[in-house]
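Report on the following structure.
The values are calculated or read from the model by the stated rules, or taken from the named source; none is laboratory data. Treat the numbers as computed from the prediction; the structure is a model and nothing was measured. With ideal geometry, Cβ positions are generated from the backbone for all residues, glycine too; neighbour counts draw on all protein chains shown.
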Amino acid sequence: MALLTIENLHKSFADQVVLDGIDLQVDEGEIVVVLGPSGSGKSTLLRCINFLEQPEQGQIRVASASVDAAVARNRDIQTLRRQTSFVFQNYALFKNKTALDNITEALTVVKGMSAKDAEEVGRKVLSSVGLADRADAWPSELSGGQQQRIGIGRAMALDAPLMLFDEPTSALDPEKVHEVLELMKVLARQKRTMIVVTHEIPFAREVADRIIFMDGGKVIEQGTPEEVLDNPQDERTRAFLRQVL
Ligand code: ADP
Ligand code: MG
């Protein structure tokens with residue numbers, strides 16, 4: 001069953017077309033990896049799914065929430081946003097909040113949870129990301145890998161139906177990439193529905209149910225990891241893979 005449906009999505013910045021009619025369905029429990037060269041529109045696609053960017057045209061449905069870009073109403077956008085959680089390339093943690101508070105903030109503010117319940121969820125999540133003992137640490141006291149595990153923990157705590165990851169490991173030192181990918185593999189095994197923009201090809205091969213290749217604001221081709229990585233049909237996909245493999 002489709003959890004996410006995108007129909008005919010268009011987004012421009014000034015006169016630059018960045019998303020040029022994207023259609024995409026993601027099933028419940030499916031793990032989709034998005035590949036594509038820099039500037040192909042991958043981040044913009046993720047950001048349009050929860051209206052961090054406002055598309056000019058198109059329809060986004062996640063679970064029972066639905067927004068048509070042409071008539072986007074604030075209330076519908078808020079409902080849509082609650083269906084997704086976002087993991088950013090640069091972690092986007094609150095620097096003046098502890099690890100625990102970074103996770104509980106959205107639970108109390110957005111979900112209206114009591115401080116006590118939020119702390120309980122927060123501590124549980126900290127322990128599942130392997131940072132139970134760092135609850136009171138400031139982000140500046142954590143390694144990049146640990147900060148991103150907090151970023152992922154924050155997304156997990158929201159317990160939204162769809163998780164969006166925008167190059168979650170590309171800001172990390174190479175030796176820290178592994179711990180973040182391992183955590184994402186745990187989420188994948190739990191069959192969380194995920195869209196992951198990444199250049200980590202071995203991760204994509206192991207975890208993705210489907211790989212989508214984007215270029216110039218369009219989905220150029222998609223298929224299983226074997227289809228896209230081992231037998232790419234489009235010359236642009238082949239050229240990209242030569243660069244990253
Ligand atoms: P990717 O994530 O695939 O590298 P992006 O979605 O970030 O690509 O960007 C696609 C294009 O849109 C790029 O040319 C980028 O410069 C442009 N772009 C992205 N965000 C903005 C913005 N807020 N304002 C103007 N141009 C933008
Ligand atoms: Mg990007």
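Of note:
- Test result for A188, surrounded by fewer than 23 Cβ atoms within 10 Å (Cβ to Cβ) and in contact with a strand residue (DSSP E or B) (Cβ under 6 Å, 6 or more places away or on another chain): yes
- Among residues of the range 40-57 that are within 12 Å of ligand 1 (Cβ to nearest atom) and assigned to a loop (DSSP other than H, G, I, E, B), those with a beta-carbon under 6 Å from a residue that is at pLDDT 95 or above and among the acidic types (D, E) at least six positions away or on a different chain give the pairs S40/D215.
- Residues of the range 58-86 classified as within 19 Å of the chain's Cα centre (by Cα), β-branched (V, I, T) and not in a strand (DSSP E or B), total: 2
- Strands (runs of 3 or more DSSP E) within the range 136-245 that include 3 or more residues under 14 Å from the mean Cα position of the chain (by Cα) and within 16 Å of ligand 1 (Cβ to nearest atom): 162-166, 193-197
- The range 205-217 - residue that is away from ligand 2 (no atom under 16 Å from the Cβ) and in contact (Cβ under 8 Å) with a residue 60 or more places away in the chain and, of those, surrounded by the most Cβ atoms within 10 Å (Cβ to Cβ): I211
- Test result for L4, closer than 21 Å to D159 by Cα, assigned to a loop (DSSP other than H, G, I, E, B) and either at pLDDT 95 or above or of a type in the set (D, E) (or both): no
- Filter result for Q89 (among the polar types (S, T, N, Q), within 16 Å of ligand 2 (Cβ to nearest atom), closer than 24 Å to V228 by Cβ and not in a helix (DSSP H, G or I)): yes
- Among the residues of the range 92-135, the one identified as under 21 Å from M163 (Cβ atoms), assigned to a helix (DSSP H, G or I), in contact with a Leu (Cβ under 8 Å, 6 or more places away or on another chain) and among the charged types (D, E, K, R) is R123.
- Test result for E167, modelled with pLDDT of 95 or more, charged (D, E, K, R) and either under 13 Å from V196 (Cα atoms) or within 16 Å of ligand 2 (Cβ to nearest atom) (or both): yes
- For G58: the one exception among (1) on the phi > 0 side of the Ramachandran plot; (2) in contact with a His (Cβ under 8 Å, 6 or more places away or on another chain); (3) buried (at least 21 other Cβ atoms within 10 Å of the Cβ): (3)
- Exclusive hit being free of Cβ contacts under 8 Å to residues at least 12 places away in the same chain and under 20 Å from M214 (Cα atoms), set P168, P202: P202
- Scanning the range 10-47 for residues that are farther than 27 Å from L187 by Cα and either more than 16 Å from ligand 2 (Cβ to nearest atom) or among the charged types (D, E, K, R) (or both) gives H10, K11, S12, A14, D15, V17, D20, G21.
- Filter result for E105 (among the charged types (D, E, K, R), surrounded by fewer than 23 Cβ atoms within 10 Å (Cβ to Cβ) and under 20 Å from the mean Cα position of the chain (by Cα)): yes
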